[in-house]
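Report on the following structure.
The values are calculated or read from the model by the stated rules, or taken from the named source; none is laboratory data. Here the structure is a predicted model, which is why all the values come from computation and not from measurement. Cβ coordinates were reconstructed from backbone atoms using ideal geometry, including for glycine residues, and neighbour counts include every protein chain displayed. Just so you know, the surface numbers come from the protein's heavy atoms only, side chains and all, with ligands and any DNA or RNA stripped out. Shrake-Rupley method; radii C 1.70, N 1.55, O 1.52, S 1.80 Å.
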Amino acid sequence: MAILVTGGAGYIGTHTCVELLNNGEEIIVVDNLSNSKKEALNRVRLITGKDFKFYQINISDRKSLTNVFEENDIEAVIHFAGLKAVGESVVVPLRYYDNNLTGTIRLCEVMREFGVKKLVFSSSATVYGQTEQMPIKEDATLSATNPYGRTKQMIEEMLLDLYASDPSWSIALLRYFNPIGAHGSGLIGEDPNGIPNNLLPYISQVAVGKIRQLHIFGNDYPTGDGTGVRDYIHVTDLANGHLRALEFVRSSTVVEPFNLGTGQGYSVLEVVQAFEKATGKHIPYRVVERRPGDAAVCYANPKKSLKQLAWQAKKNMEQMCVDTWRWQQHNPNGYESKQLV
Ligand code: NAD
Ligand code: UFG
């Protein structure tokens with residue numbers, strides 16, 4: 001039986017597909033390529049030496065999704081498909097609510113129709129909002145502060161309701177902290193459209209000469225050096241968390257949230273220094289105003305994931321920087337770069 005991976009052509013999806021295939025799982029990928037390229041899936045095939053079916057569909061399209069379930073024997077779903085840019089979600093909230101909520105509702109309806117009730121869902125640490133409790137535990141109050149985050153919070157609530165109505169479902173709600181890094185091959189990585197919003201893609205585009213300097217959003221936070229602190233996690237560690245979550249939903253019928261983070265916070269300046277040290281590239285920067293909505297500090301308590309999923313992050317900041325840089329250096333224009341490593 002196969003694992004259906006929605007949004008499997010995206011950043012975290014491709015890395016998870018690699019780990020799934022390397023672990024002998026059969027996968028089917030669906031993605032509408034709204035924020036990804038088909039080439040990413042070719043690279044997954046290249047890394048693993050394995051093939052899989054790909055359907056270019058919108059998961060909100062019931063007919064196309066039903067067809068995927070009709071044509072394949074699906075055991076469980078890992079659901080990455082969604083829009084994820086916080087700033088954009090403030091500008092076009094309805095697009096976010098429509099895509100993320102409708103897509104997930106359609107998916108769950110079709111899953112139910114075919115008796116597929118094992119689901120691993122991509123949630124986000126953004127559901128915790130501006131909580132003061134650090135490190136953050138899964139039982140912290142949820143209070144997302146932007147439309148994107150609210151779509152994740154609403155989906156979590158919807159899935160809790162779904163489970164309450166039918167406890168034969170088994171659902172893992174994975175709350176990712178800050179995924180960075182790339183596969184060690186340098187063949188797949190994060191390929192943002194336009195100017196990156198997130199710190200590591202921005203730093204690596206400065207390093208490769210596409211952007212002149214980094215803007216650090218504020219150095220007057222109540223942190224050691226005044227810059228924001230986050231829990232950065234290597235995308236391969238994160239991908240492996242999905243394999244453990246898959247085992248979890250296979251062996252239980254519950255709905256549970258899990259933090260996927262390292263438990264360690266790094267400030268923006270510490271990340272810049274780590275990147276410079278790991279890559280030998282100088283990163284010029286300028287401190288500018290705080291970015292509205294940014295928390296000072298955000299890092300996970302990952303103990304529940306260790307206890308119940310037998311998972312913990314293994315890769316350190318140096319590896320995250322080295323792998324980010326390898327991907328960026330060999331693919332300066334992301335998946336449109338011709339050169340293969
Ligand atoms: P991504 O944009 O690279 O991947 C998402 C994929 O979903 C893309 O390939 C996109 O084309 C596809 N997609 C979007 N809407 C779709 C639809 N309606 N039908 C079919 N395909 C659709 O993002 P990512 O970084 O890989 O994130 C994956 C998931 O993890 C997302 O749900 C995101 O919200 C969540 N997440 C990401 C981060 C992060 O920092 N990257 C943090 C927390 C949570
Ligand atoms: N930062 C800068 N300059 C930049 C970009 C970021 O100084 O150009 C700073 C931010 O102020 C913050 C830190 O770097 O202190 C990290 O910012 P990111 O934008 O990389 O990440 P966020 O923590 O803001 O948010 C990310 C995702 C969200 C997700 C959240 C938690 O964008 O979708 O992690 O998982 F919800």
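Worth pointing out:
- Restricting region 102-134 to residues that are more than 27 Å from Ala76 (Cα to Cα) and open to solvent by 50 Å² or more (accessible area, probe 1.4 Å), the residue that is nearest to ligand 1 (Cβ to nearest atom): Gln130
- Filtering region 206-234 to residues that are farther than 30 Å from Glu132 by Cα and surrounded by fewer than 18 Cβ atoms within 10 Å (Cβ to Cβ) leaves Val208, Gly209, Lys210, Ile211, Arg212, Gln213.
- Test result for Gly103, at pLDDT below 95 and either within 16 Å of ligand 2 (Cβ to nearest atom) or assigned to a helix (DSSP H, G or I) (or both): no
- Residues within region 49-92 that are touching a Ser or Thr at 6+ places or on another chain (Cβ under 6 Å), of a type in the set (A, V, I, L, M) and within 16 Å of ligand 2 (Cβ to nearest atom), tallied: 1
- Complete set of residues in region 284-299 that are among the hydrophobic types (A, V, I, L, M, F, W, C) and either open to solvent by 90 Å² or more (accessible area, probe 1.4 Å) or in a loop (DSSP other than H, G, I, E, B) (or both): Ala295, Ala296
- For Lys307, the conditions (1) open to solvent by 50 Å² or more (accessible area, probe 1.4 Å); (2) away from ligand 2 (no atom under 12 Å from the Cβ); (3) within 19 Å of the chain's Cα centre (by Cα) all hold with the exception of (3).
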